[in-house]
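**Q** Below you will find the structure I want to go over with you.
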Amino acid sequence: MVRSYQDLHAIVQQAQSEYSKEHTEASIAFDVPDDMPEGACALANSDNRKKAVFILARFGEEYKVGYALYEPDELSKLQPVHLADVNHDEFDAAFVIHLIDEFLVE
């Protein structure tokens, strides 16, 4: 369950660590980008330049984790290809690992 930026960062880092242990060939790195909104974090694949950005948002009493998936275009500029959100209680390391598998390393 995510209720703070620290929770968000910890879950994303945990997923990256777990994935890297089982897939040593993968070049997935965790980052807290300076050019993103406060609290955002990202995972990036240095081999194909794909990136996933995560942000925590609060709507009244409800927390959600928004995420954006980016791919480089023909000029190598990153472009968003998918934007979505998930309830904070559904966001866990398994969810992030699924995104890594299905998007970042595909």
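**Q** Can you return the lysines within cross-link range of K77? Criterion is Cα-Cα under 20 Å, with same-chain partners fewer than 8 residues away left out.
**A** Cross-link targets: K50, K51.
**Q** How about segment 1-94: which trypsin sites (Lys or Arg not before Pro) there are in a DSSP loop, with at most 14 other Cβ atoms within 10 Å of their Cβ?
**A** R3, R49, K77
**Q** Where Lys and Arg each count +1 and Asp and Glu each count -1, what net charge lies around A29 among other residues with Cβ under 13 Å from its Cβ?
**A** For residues surrounding A29, the net value is +1.
**Q** Count the net charge of all other residues whose Cβ sits under 14 Å from the Cβ of R58, scoring Lys and Arg as +1 and Asp and Glu as -1.
**A** -4
**Q** Follow-up. Using a/c under 1.5 as the rounded threshold, could you call the chain rounded, prolate or oblate? The axes a ≥ b ≥ c are square roots of the C-alpha gyration tensor eigenvalues, and prolate needs a/b larger than b/c, oblate otherwise.
**A** Judged from the Cα gyration tensor, the chain comes out oblate (a/c at least 1.5, b/c at or above a/b).
**Q** Quick one: compute the contact order of segment 1-55, relative version, from alpha carbon pairs under 8 angstrom and 6+ residues apart, as a percent.
**A** 28 percent
**Q** Which whole-number percent is the relative contact order of segment 5-104 (Cα, under 8 Å, 6+ apart)?
**A** 22 percent
Read-outs throughout are calculated quantities, based only on the coordinates presented, and are distinct from any laboratory measurement. In this text, all values refer to a predicted model and were calculated from it rather than measured experimentally. Glycine also receives a Cβ, built like all others from the backbone with ideal geometry; neighbour counts cover every protein chain displayed.
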